[in-house]
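Below is one structure, written out as structure tokens; the observations come after it.
The values are calculated or read from the model by the stated rules, or taken from the named source; none is laboratory data. Quantities reported herein were computed from a predicted structural model and do not represent experimental measurements. Note that each Cβ is placed from the backbone with ideal geometry, even for glycine, and that neighbours are counted across all protein chains shown. When the accessible area is computed, the model is the full protein with side chains, heavy atoms only, and any ligands, DNA or RNA have been set aside. Shrake-Rupley method; radii C 1.70, N 1.55, O 1.52, S 1.80 Å.
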Amino acid sequence: MLTEIETERYTIRGRSLGGMYTALHVPELDALFDCGAALRSGCAARNLFLSHAHVDHVGALPTLLGLRGLTGVERPLRVFAPAPVAEELNGALAGFGRLHRWPLEVEAIGLRAGDEYKVRADMWVRAFQTFHPVPALGYQFFRRVDKLREEFKHLPGHEIGRLRREGADIFDTAEHLELAYATDTLPEVLRHTPSIQRSRVAIVECTFLDARKPLDKARAGCHIHLHELLKYADGFENEALILMHFSQLYRPAEVHRLLAERLPPALAARTHPLAPPDGDWWD
Ligand SMILES: [Zn+2]
Ligand SMILES: [Zn+2]
């Protein structure tokens, strides 16, 4: 069973447990996020965005490629990854391809913080720096929208049309921030990349939730502790905040309870933990 979270515009489906596996599918973006588990329902997606290459985020990639072969997906998987990871990816897959007796290959696209890529006609992605001890990135999806400049707003439509045809400089470009993904990182990422908290949807890790993991230990592992996330609570403008990558120190029901108790009520109402409602984790 996967967990599925419906927001106004995006569906986030998958499972994530710190150190064990993280794999999400957002069908509206035709995108997978990390591949610590091979999601059968998302195996035909066009794009995979890798945050980093710890095995709980990348270890199921050979399985995912095998699933694609089995179900007849012909187009290659486009894998966006930190540049040093992208350089190694097909080499690492080649060994599995030999064992499997079938080539396992991807279209690897290496990015560095600040790089932008047009993933489809109306959608861009920008990589941003995350803070983890290996090459790591987060991803900001956004649309670029032309906005008529203030000084031209009084003009009638046919006049604007004429100026546009003549290529006059009458528009400013605005960015509509759609979805941000930041995992395996210190909380400073929120200060470093303010767009995360202004996105329609933000998916952010919150590995540790209480004193069972002291703050200094959480920081040493380069993960977010709820205690620190709370300092940024006022800044979350998102329509939906999805928290994930919880440690298995906590049972799913505890995750829901601790977040409901400790987040300010207005934020708790917009926050969706990527965790089963009760019972055990997914496996
Ligand atoms: Zn992880
Ligand atoms: Zn990691």
Share, in percent, of DSSP beta bridges within region 12-111 that are antiparallel, nearest 5: 40 percent
Using a ≥ b ≥ c from the Cα gyration tensor of region 12-111 (square roots of the eigenvalues), is it rounded, prolate or oblate, where a/c under 1.5 gives rounded and otherwise the larger of a/b and b/c decides, a/b for prolate? rounded
Of all the accessible heavy-atom surface of region 174-283, with the other protein chains kept in place and a 1.4 Å probe, what percent is carbon and sulfur? 53 percent
Compare P156, P252, P135 in a GNM of the chain, Cα atoms joined below 10 Å, and give the one with the largest fluctuation. P156
What's the long-distance tail for the chain, i.e. % of Cα pairs beyond 34 Å? 24 percent
Ranked from the most accessible area to the least, with a 1.4 Å probe and all protein chains present, what is the order of I109, I196? I109, I196
Quick check for me: using +1 on Lys/Arg Cβ and -1 on Asp/Glu Cβ, what's the dipole size of the chain about its Cα centre, in debye to the nearest 20? 300 debye
Once every DSSP H run of n ≥ 4 in the chain is given -39500 (n - 2.57) and the sum is divided by its residues, what mean residue ellipticity at 222 nm do you get, rounded to the nearest 500 deg cm²/dmol? -7000 deg cm²/dmol
At 1.4 Å probe size, put E105, E228, E4 in order of accessible surface, largest to smallest. E105, E4, E228
Add +1 for every Lys or Arg and -1 for every Asp or Glu among the other residues with Cβ under 11 Å from the Cβ of L39, and state the total. +2
Given charges at beta-carbon only (K, R positive; D, E negative), |dipole| of region 12-111 in Debye: 320 debye
Order T183, T173 by their accessible area, 1.4 angstrom probe, all chains in place, largest first. T173, T183
What number comes out for the charge environment of H227, summing +1 per Lys or Arg and -1 per Asp or Glu over other residues with Cβ under 15 Å away? 0
Rounded accessible area per residue of the chain, 1.4 Å, Å²: 47 Å²
At a probe size of 1.4 Å, how large is the accessible area of C206, to the nearest 10 Å²? 0 Å²
Report for the chain the percent antiparallel among DSSP-assigned beta bridges with both residues inside it, nearest 5. 55 percent
Which helices, counted as full DSSP H runs in the chain, have an axial Cα extent of no less than 24 Å and a Kyte-Doolittle average of 0.0 or above? 83-100
What is the sum of charges around I170, taking Lys and Arg as +1, Asp and Glu as -1, for the other residues whose C-beta is under 14 Å from the C-beta of I170? -1
